[in-house]
Structure formats: C-alpha cells, structure tokens
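**Student:** Okay, handing you the structure first.
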Amino acid sequence: MNGALYSLLERVHGLAAALGLAVLLHPVITLRARRKPSRGAVLSADLGALLLLLPSALGVWLYPVYRARVKPDLVEEAARIAALFETKEHLALMAVALAVSGALSLRAAGRTEEGRRAARTLLALAWATGVATAALGTVVASIAQPGW
C-alpha cells in the first residue's frame, strides 16, 4: 500500500467513525424524552453501531501497515503520541462494544423502562467514549504520518 492510499483510507476511517457518532447521538437524546422508542431511534441506534463497527474493521485492516510503516518512526520521534494511539485503539474497541450492546439492548428490551434506560446508558457511554477516541485520533493523525 502506498502512502496516498493509506492516508485516504485513514481519513475515511475517521470520517466514518465521526458519522457514526453523529448518528448515535439521535437515540441518546430521544430515549431520554420518550416512553416508547420510536422506529427511528431503534434504526439510528443500529445504524450508529454499524457506522462505528465498519471504521473499526477498516482500522484493523490498516493496522499492519501502521505497525510496519508509521509506528517505528513515531515511537522513536514521539513516544507519547504512539502511546496515545494505543489508548485510542482501546477506547475505540470499548465504544464499538458499548454501541453494539446498546443497540441490541434497545431491540431486545426497549419496550420496558429498564430496557430503555440500559440502552440509553450504553449508547451514551459509547458516544462519550467515541468522542474521546476521536479527540485522540485527531491528535495522533496530526503527527503520525507514513514513513514513505
């Protein structure tokens, strides 16, 4: 993979995740105000989880290139930023797990007050964790560049 393709896919990875966070905010807000989840809230929870899962899969696919072409120089020149990248990866995994769990909880138990509360909590935690991930990702991407 050349540097231009890597950079493009890295940006698609981040933008798709940002879109997922934007979509995920809808059920977080609407589940607080409604007694029964609307069809739109359920669909946006599903879509938000999917839109976080897809860039995560792209990130897994890009990781070997990062490890071979970006990480060695990054560790040598900016070890703290390399550590932030690893933290970002762990937060991203948590955000995806929380989003998928929230969407599934909403589908399985969204008709009950407890089910809606659990789904909203999981989705809100996914959103907050995703925002933290995006912030770290922006910092890392501003410094970490392919070494080719």
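The values are calculated or read from the model by the stated rules, or taken from the named source; none is laboratory data. All figures in this text were calculated on a predicted structure; none of them were measured in a lab. Here Cβ is always computed from backbone atoms with ideal geometry, including for glycine, and neighbour counts include all displayed protein chains.
**Student:** Of the residues that sit in the range 1-25 and are in contact with a Leu (Cβ under 9 Å, 6 or more places away or on another chain) and free of Cβ contacts under 8 Å to residues at least 40 places away in the same chain, which one is surrounded by the most Cβ atoms within 10 Å (Cβ to Cβ)?
**Tutor:** V23
The rows are residues; the columns are (1) at pLDDT 90 or above; (2) assigned to a helix (DSSP H, G or I); (3) over 20 Å from the mean Cα position of the chain (by Cα).
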position	(1), (2), (3)
M1	no, no, yes
Y6	no, yes, no
A18	yes, yes, no
H26	yes, yes, no
R32	no, yes, yes
L53	yes, yes, no
Y66	no, yes, no
K71	no, yes, yes
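**Student:** In addition: Identify all residues within the range 75-107 that are surrounded by 14 or more Cβ atoms within 10 Å (Cβ to Cβ), among the small types (G, A, S) and in a helix (DSSP H, G or I); write none if there are none.
**Tutor:** Once the filter is applied, which keeps residues that are surrounded by 14 or more Cβ atoms within 10 Å (Cβ to Cβ), among the small types (G, A, S) and in a helix (DSSP H, G or I), the range 75-107 yields A82, A92, A95, A97, A99, S101, G102, A103, S105.
**Student:** Another question about this same structure. Does P37 satisfy the criteria of being under 17 Å from A124 (Cα atoms) and either surrounded by 19 or more Cβ atoms within 10 Å (Cβ to Cβ) or of a type in the set (S, T, Y) (or both)?
**Tutor:** yes
**Student:** Go over the candidates A144, A92 one by one and state the one that is modelled with pLDDT under 90 and among the hydrophobic types (A, V, I, L, M, F, W, C).
**Tutor:** Every option except A144 fails the conditions.
**Student:** I need every pair where a residue in the range 52-63 that is without any contact (Cβ under 8 Å) to a residue 60 or more places away in the chain has its Cβ under 7 Å from the Cβ of a residue that is acidic (D, E), sequence separation at least 6 or different chains.
**Tutor:** Every condition considered, the pairs that remain are L62/E10.
**Student:** So is V42 assigned to a helix (DSSP H, G or I) and either within 30 Å of R120 (Cβ to Cβ) or touching a residue at least 60 places away in the same chain (Cβ under 8 Å) (or both) or not?
**Tutor:** yes
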